[in-house]
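Trainee: Please see the structure below; I have some questions.
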Amino acid sequence: MVFKNHESALLPAGITDGLPPDAEDEAAVLEQVMKTLAAYGYDRVKPPLIEFEESLFGGLGMAIMQQTFRLLDPESQRMMGLRADITPQVARIASSRLSDASRPLRLSYAGQVIRVKGSQLRAERQFTQVGAEIIGSANPAADAETICLAAEALIALGIKGLSVDLGMPPLVAAVCDDINPTDEQFLLLRAALDRKDTATVQALAADIGEEAAAMLLALMNASGPVGSALHNLSKIALPSAAAAFRNEFEEIIATIMTRSPDLSLTIDTVENRGFEYHTGITYTFFARGVRGELGRGGRYPAPAGEGTEPATGFSLFMDTVLRARGRKAGPDRLFVPYGTDSARARQWRAEGWIAVEGLEPVNDTTSEARRLNCSHLVVAGTIKNLEPKDGE
């Protein structure tokens with residue numbers, strides 16, 4: 001199929017049209033993922049594309065404020081925002097419309113999001129986000145379930161070389177609470193740990209103490225494949241609060257390895273970028289040889305009345321998921337020449353064909369079938385395979 005590039009159809013950077021067959025492929029993949037989530041008992045919700053700022057930026061929404069397109073509602077004269085992330089909307093629904101629903105509450109969603117800027121790993125600013133949340137459970141089993149569920153959904157799509165990078169940002173925060181650095185020192189430490197900048201951490205030893213600097217460096221080095229990382233992490237003498245997070249981390253990982261023994265796991269104990277509002281385990285999904293992350297998630301505090309309730313969940317990014325999956329062959333397209341009984345065409349569709357009916361008589365049905373991108377042709381009531389043309 002040939003598409004022409006017209007200057008008048010130019011779109012903003014990071015915004016693209018979904019063309020055939022990609023749009024159909026995404027719809028099929030989306031349906032398959034949602035079926036997997038539903039099979040685990042996740043009920044689907046459908047938040048609006050646009051909301052008033054007060055609700056969109058409440059609670060978790062503050063974290064994506066800078067990525068949100070904002071506009072004035074001409075009817076109410078109030079500011080609104082186009083969603084940049086659906087997770088805060090799901091948390092809002094759970095705390096308001098579903099506040100009386102039994103906990104733990106399992107919710108799933110799918111929809112388009114749009115962001116002010118792309119990133120190095122994802123230049124796209126508009127894409128489909130799919131996800132699931134468990135709200136109202138602090139049990140580590142909930143974290144393990146969401147990680148294994150996301151992995152199962154991705155593997156069911158045929159994605160190869162899947163890996164999960166696990167993190168526990170509160171570990172560093174708990175260590176820093178124990179050494180009580182200044183705000184400036186904490187920001188320097190946080191940035192250095194995200195960059196794996198050992199020199200800066202060592203330079204701060206004079207201010208935060210040699211023991212604290214050594215502990216943070218040991219945490220930085222306790223990263224890599226799950227086996228060696230857990231071994232190195234277990235040897236670090238951590239303050240009690242940090243040790244409690246480590247124990248929870250180890251419990252979740254043990255459950256994941258029991259439920260999904262073939263899943264490739266790596267650990268980054270000091271990564272915090274992109275997980276600023278998370279309060280427990282975090283995770284990112286990657287596929288070997290694929291640019292960008294397939295999805296990410298973690299534990300966070302969901303709004304609940306005047307306070308919060310524990311929640312955990314993930315989001316999958318369909319643009320990257322589709323790159324990782326690759327294009328799959330769809331049903332064969334069958335050209336049904338003009339004048340063929342429509343009842344036969346309906347029968348072929350029931351058998352799984354895409355049956356394209358001719359709208360007018362043509363002299364050469366074979367050429368017409370090729371022009372309409374069909375792989376098969378009805379000749380005298382019989383389906384014939386179209387042989388590829390030379391060079392195809």
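Trainee: Is segment 295-303 home to any residue that is surrounded by fewer than 23 Cβ atoms within 10 Å (Cβ to Cβ) and more than 23 Å from residue 221 (Cα to Cα)?
Mentor: Yes, segment 295-303 has at least one match.
Trainee: Considering every residue within segment 162-170, establish whether at least one is surrounded by fewer than 19 Cβ atoms within 10 Å (Cβ to Cβ) and on the phi > 0 side of the Ramachandran plot. Spell out the reasoning first.
Mentor: So in segment 162-170, the residues surrounded by fewer than 19 Cβ atoms within 10 Å (Cβ to Cβ) come out as 163, 165.
Imposing the further condition that a residue be on the phi > 0 side of the Ramachandran plot reduces the set to none.
No - not one qualifying residue is present in segment 162-170.
Trainee: Related question: Which one of these is modelled with pLDDT under 90, outside the structural domain of residue 143 (by TED's automatic domain parsing) and either out of contact with any Pro (no Cβ under 9 Å at 6 or more places or on another chain) or over 16 Å from residue 280 (Cα atoms) (or both): 185, 202?
Mentor: Going through 185, 202 in turn, just one is modelled with pLDDT under 90, outside the structural domain of residue 143 (by TED's automatic domain parsing) and either out of contact with any Pro (no Cβ under 9 Å at 6 or more places or on another chain) or over 16 Å from residue 280 (Cα atoms) (or both): 185.
Trainee: If you don't mind, another one. What number of residues within segment 323-350 are assigned to a strand (DSSP E or B) and among the basic types (Lys, Arg)?
Mentor: Residues meeting the conditions: 1.
Trainee: Also: Which count do you get for residues in segment 72-98 that are touching a strand residue (DSSP E or B) at 6+ places or on another chain (Cβ under 9 Å), among the basic types (Lys, Arg) and over 13 Å from residue 61 (Cα atoms)?
Mentor: Count: 1.
Trainee: Next up: Could you pull out the residue among 173, 192 that is surrounded by fewer than 18 Cβ atoms within 10 Å (Cβ to Cβ) and either of a type outside the set (Val, Ile, Thr) or under 30 Å from residue 96 (Cβ atoms) (or both)?
Mentor: Of the residues listed, the single one that is surrounded by fewer than 18 Cβ atoms within 10 Å (Cβ to Cβ) and either of a type outside the set (Val, Ile, Thr) or under 30 Å from residue 96 (Cβ atoms) (or both) is 173.
Trainee: I'd like to check something: does segment 41-52 contain any residue that is crowded, with 17+ Cβ neighbours inside 10 Å and of a type in the set (A, V, I, L, M)?
Mentor: Yes: one or more hits.
Trainee: Could you look through segment 344-384, keep only residues that are under 23 Å from residue 21 (Cβ atoms) and among the small types (Gly, Ala, Ser), and pick out the one that is nearest to the chain's Cα centre (by Cα)?
Mentor: 352
Trainee: Can you confirm whether residue 194 is within 27 Å of the chain's Cα centre (by Cα), among the acidic types (Asp, Glu), in a helix (DSSP H, G or I) and not assigned by TED's automatic domain parsing to the domain that holds residue 326?
Mentor: Taking the combined requirement at face value, the residue satisfies it.
Trainee: Further, regarding this structure: Any residue in segment 160-180 that is closer than 17 Å to residue 293 by Cα, out of contact with any Asp or Glu (no Cβ under 9 Å at 6 or more places or on another chain) and hydroxyl-bearing (Ser, Thr, Tyr)? Walk me through it before giving the result.
Mentor: Here is the first cut: in segment 160-180, the ones closer than 17 Å to residue 293 by Cα are 160-167.
Next cut, out of contact with any Asp or Glu (no Cβ under 9 Å at 6 or more places or on another chain) only: 160-164.
This time we only want the ones that are hydroxyl-bearing (Ser, Thr, Tyr), so: 163.
Yes; the residues of segment 160-180 include at least one that is closer than 17 Å to residue 293 by Cα, out of contact with any Asp or Glu (no Cβ under 9 Å at 6 or more places or on another chain) and hydroxyl-bearing (Ser, Thr, Tyr).
Trainee: Residues that are within 25 Å of residue 11 (Cβ to Cβ), free of Cβ contacts under 8 Å to residues at least 24 places away in the same chain and not β-branched (Val, Ile, Thr): find the strands (runs of 3 or more DSSP E) completely inside segment 39-136 holding 1 or more of those.
Mentor: In segment 39-136, 69-72 are the strands (runs of 3 or more DSSP E) which contain 1 or more residues that are within 25 Å of residue 11 (Cβ to Cβ), free of Cβ contacts under 8 Å to residues at least 24 places away in the same chain and not β-branched (Val, Ile, Thr).
Trainee: Do we find a residue being assigned by TED's automatic domain parsing to the domain that holds residue 110, touching a residue at least 40 places away in the same chain (Cβ under 8 Å) and part of a loop (DSSP other than H, G, I, E, B) anywhere in segment 305-322?
Mentor: Scanning segment 305-322 turns up at least one residue that is assigned by TED's automatic domain parsing to the domain that holds residue 110, touching a residue at least 40 places away in the same chain (Cβ under 8 Å) and part of a loop (DSSP other than H, G, I, E, B).
Trainee: Could you check residue 231 against (1) closer than 30 Å to residue 327 by Cβ; (2) outside the structural domain of residue 326 (by TED's automatic domain parsing) and say which number it fails?
Mentor: All conditions pass for residue 231, except number (1).
Trainee: I've got another one for you. For residue 292, all conditions in the list (1) outside any loop (DSSP other than H, G, I, E, B); (2) touching a strand residue (DSSP E or B) at 6+ places or on another chain (Cβ under 8 Å); (3) not hydroxyl-bearing (Ser, Thr, Tyr) hold save one; what is the number of the exception?
Mentor: (1)
Trainee: Still on this structure, please answer the following. Quick one: residue 130 ticks every box in (1) at pLDDT 95 or above; (2) assigned by TED's automatic domain parsing to the domain that holds residue 265 bar one, so which box is it?
Mentor: The one condition residue 130 does not meet is (2).
Trainee: When you go through 284, 269 one by one, which is the residue that is part of a strand (DSSP E or B), over 30 Å from residue 371 (Cβ atoms), of a type in the set (Val, Ile, Thr) and touching a residue at least 40 places away in the same chain (Cβ under 8 Å)?
Mentor: Selected residue: 284, the only one of 284, 269 that is part of a strand (DSSP E or B), over 30 Å from residue 371 (Cβ atoms), of a type in the set (Val, Ile, Thr) and touching a residue at least 40 places away in the same chain (Cβ under 8 Å).
The values are calculated or read from the model by the stated rules, or taken from the named source; none is laboratory data. Just so it is clear, the model here is predicted, and its values are computed rather than measured. FYI the Cβ positions are ideal-geometry reconstructions off the backbone, even for glycines, and counts take in every protein chain you see.
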